[in-house]
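Report on one structure; see the data block that follows.
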Amino acid sequence: MRHNDFAQSGLFHIEPKPFNRHSPIDQLRYCLGGTLYMPSTRTVVDRILDGSFQHICSLVMDFEDALRKEDLSRGENNVIGQLDKLSSELSAGNISDDKIPLIFLRARSYEQFKSFSGRLTPELTNVLTGFVFPKFYSDNARDYLEHLSELNTRFDTTLYGMPILEGKTIAFKETRVEELAALLKICRNYRQLILNIRVGGTDFSSFFGVRRSISSSIYDILPVSDALTDILNFFGRSEEGFVVSGPVWEYFLAYKKDDLEQVMADHLHQALRTRHPILNDAIDGLLREVMLDKANGFIGKTVIHPSHLTYVNAMQAVTREEYEDARQILNTTGGVIKSVKSNKMNEINPHRNWAKRILHLADAYGVVEDEKTYAQIFRAGVHQT
C-alpha cells in the first residue's frame, strides 16, 4: 500500500514510501493513517480485489460495538470467508501483498478473541495484520497479549495487537494514573507486538454524559481531554517507542466537489484556527481535530466513513520546511542553529525526538511543499471517489 497514491506525483517534494504487513514494525507503526472501522458482517474483499475501495490502507472488521450480539456468529463466519477468499487470490497471484490493506479484527472480549482465533489457519493469517483489543484494562491486558504471542508462535508469523484505552479506570481521575502505569508496565514486555495504541474518545465522553458537537473538538470536552493528555503522558513518551492514534471523528461528511476549489485560495491552517468556513461543518470539524491531533502527538485517526480517509491521510504528510528542519537537526551534533528558512531556531538535542518522528511521517505520507498542498490532495482524492 501507499498513502496518497491517487495524488499526482507533482504534489510531493518527496513521494510516500510503499509498505505492507511485512514491513518492519518501526516503519509500519507510523503507516496506519486513517483506520476505517466497519461491522464484521460487511463484505469488503471484492472491493479490495477490484481496486474500488478508494484510499484505504488500514481497516478494522469489528466484532464489538458495530455488531449486535445476535449477529456475532454471522460476523465471525463472514470474516473467515472474506479472509479465505483474499488468501486464495493472493496464492493464485491475482493480488499482491502490496495491494492488500492492513487488516485488523476487533475482538468482542478476550473470550471471543481466544475462541475465534481457534478457527484461524496459516493461510488466513497470511492476509491478516492483527487484532484490536477493546476495553483494555490492567486485569486483562496480559491475557490478550500473551495469547497474541502464542498465535505468533503457532503460525510462525507476526500478528500485531492494537489495545484501545477506553475504560472507566482511565476516564476517572482517582484511578487513572495507577491504571496507566500498570498498563504501560505490561505493554513494555510486548512492545514488538503492539503496533499502535488507540483511544476511546466516544467511550470517555459517555462516562460524563457529554458529546462533542459538529462545531467542537474532542479537546474541548475537558474531562475527555484530561484523560487523553494522561494517556499521551504515559504512552506518548519518545523513550517508550509507542505510537498513539487519534480518537474517532463521529460525523459523516457531505461534501460538494466544487467547494474544494475555494480551499485553494486559503491558507488551510489559518482558516481552521480562525474558524473561517472552508467546506462544511463536518469537514471543517474533522480537519480542525486532525490539526489538534498532530499538534499533541497523535498519529493517524480512527474513522467511520470512507470519505474521511482522504482528509486524514493527506494531513499526515509533512511540509518541506518541517522535513528540512528535521534533517538539519539529525545531521547536527549539538547546540542551536538557525533553521533552513531562517525563521526559527533549531535546538538540536531538545528537538531531536520531534525530528525522528517527522522523518517517519515523511516516509509514510510524503513531503509536500507547504500546507496549501493539503487542499490539492483533498481535491485529487475527492475527484477520484
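Suppose only helical runs count, i.e. DSSP H with n ≥ 4. What mean residue ellipticity at 222 nm does that imply for the chain under -39500 (n - 2.57) per run, divided by all residues and rounded to the nearest 500 deg cm²/dmol? Let's see the in-between values first.
Numbers: 17 runs with 168 residues, N = 385.
Rounded to the nearest 500, the figure is -13000 deg cm²/dmol.
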Worksheet item: Counting only residues 5 or more places away or on other chains, whose amide H sits under 5 Å from the amide H of residue 13 once H atoms are built in the peptide plane?
Response: 367, 368, 369
Worksheet item: Against the longest alpha carbon principal axis of the chain, how many degrees, from 0 to 90 and to the nearest 10, is the axis of helix 72-91 turned?
Response: 70
Worksheet item: What are the residues whose amide H is under 5 Å from the amide H of residue 165, where those residues sit 5 or more places off or on another chain and H is modelled from the backbone?
Response: 198, 199, 200
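Determine Rg/Rh for the chain; Rg is computed over alpha-carbon atoms and Rh is the Kirkwood hydrodynamic estimate from the same atoms. Present the calculation step by step, with values, prior to reporting the outcome.
On the way: Rg = 20.5 Å, Rh = 21.5 Å.
Reported Rg/Rh, Kirkwood definition of Rh: 0.95.
With N set to the residue count of the range 1-140, report its C-alpha Rg divided by 2.2 N^0.38 Å to two decimal places.
1.10
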Discussion item. Taking the 0 to 90 degree range and rounding to the nearest ten, how far is the long axis of helix 352-365 tilted relative to the main principal axis of the chain, both from C-alpha atoms?
Written reply: 70
Discussion item. Relative contact order of the range 64-175, please, whole-number percent, based on alpha carbon pairs below 8 angstrom and at least 6 residues apart.
Written reply: 26
Worksheet item: How much of the accessible area of the range 120-230, in percent, comes from carbon and sulfur atoms when a 1.4 Å probe is used?
Response: 51
Fill in: Cα→Cβ-extended label distance, 7 Å offset, between residue 216 and residue 347, nm
3.4
Worksheet item: Where does each of 6, 172, 116 land when they are ordered by accessible area, with a 1.4 Å probe and the largest first?
Response: 172, 6, 116
Worksheet, complete the sentence: For the table 99/294; 17/99; 114/135; 294/344, the rows whose alpha-carbon distance is greater than 18 Å are 99/294; 294/344
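Restricting attention to the range 289-356, which trypsin sites (Lys or Arg not before Pro) occupy a DSSP loop and are surrounded by at most 15 other Cβ atoms within 10 Å? Before the final figure, lay out the partial values.
Working: sites: 294, 301, 320, 327, 338, 341, 344, 352, 356; in loops: 341, 344.
Answer by residue number: 341, 344.
Please tell me the relative contact order of the range 30-105 in percent, rounded to the nearest whole number, where contacts are Cα pairs under 8 Å and at least six residues apart.
Values: 90 pairs, mean separation 31.0, N = 76.
Relative contact order for the range 30-105 comes out at 41 percent.
In nm, what is the difference between 0.36 nm times the number of residues separating residue 84 and residue 338 and their Cα-Cα distance? List each step's numbers first, then the result.
Numbers: separation 254, 0.36 × 254 = 91.44 nm, distance 5.54 nm.
So the extension gain works out to 85.9 nm.
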Discussion item. Can you list residues from other chains, or at least 5 along the same chain, whose modelled amide H is less than 5 Å from the amide H of residue 102?
Written reply: 58, 59
Discussion item. Helix 320-330 against the longest principal axis of the chain: what's the angle in degrees, Cα atoms only, rounded to the nearest 10?
Written reply: 80
Worksheet item: What residues of the range 148-164 lie in the reach of a label at residue 121, counting those whose backbone N is under 15 Å from a point 7 Å from the Cα along Cα→Cβ?
Response: 155
Practice prompt. Using a cut-off of under 14 Å, list every residue of the range 235-254 whose amide N is near the label point 7 Å from the Cα of residue 42 along the Cα-to-beta-carbon line.
Written response: 249-253
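Relative contact order of the chain: what whole-number percent is it, with Cα pairs under 8 angstrom and at least 6 residues apart? Mind showing how you got there, number by number?
On the way: 677 pairs, mean separation 80.4, N = 385.
In percent, rounded to a whole number, it is 21.
Antiparallel DSSP bridges in the chain: what percent, to the nearest 5? The partial results should precede the final answer.
Values: 5 of 32 bridges.
Within the chain, antiparallel bridges account for around 15 percent of the total.
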Worksheet item: Within straight cross-link reach of residue 338, meaning Cα distance under 13 Å, which aspartates and glutamates are found once same-chain residues fewer than 8 apart are removed?
Response: 321, 324, 325, 347
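The values are calculated or read from the model by the stated rules, or taken from the named source; none is laboratory data. Treat the numbers as computed from the prediction; the structure is a model and nothing was measured. In this analysis, Cβ positions are derived from the backbone assuming ideal geometry, glycine residues included, and neighbour counts consider all displayed protein chains. The accessibility values were calculated without ligands, DNA or RNA, using every heavy atom of the protein model including side chains. Shrake-Rupley method; radii C 1.70, N 1.55, O 1.52, S 1.80 Å.
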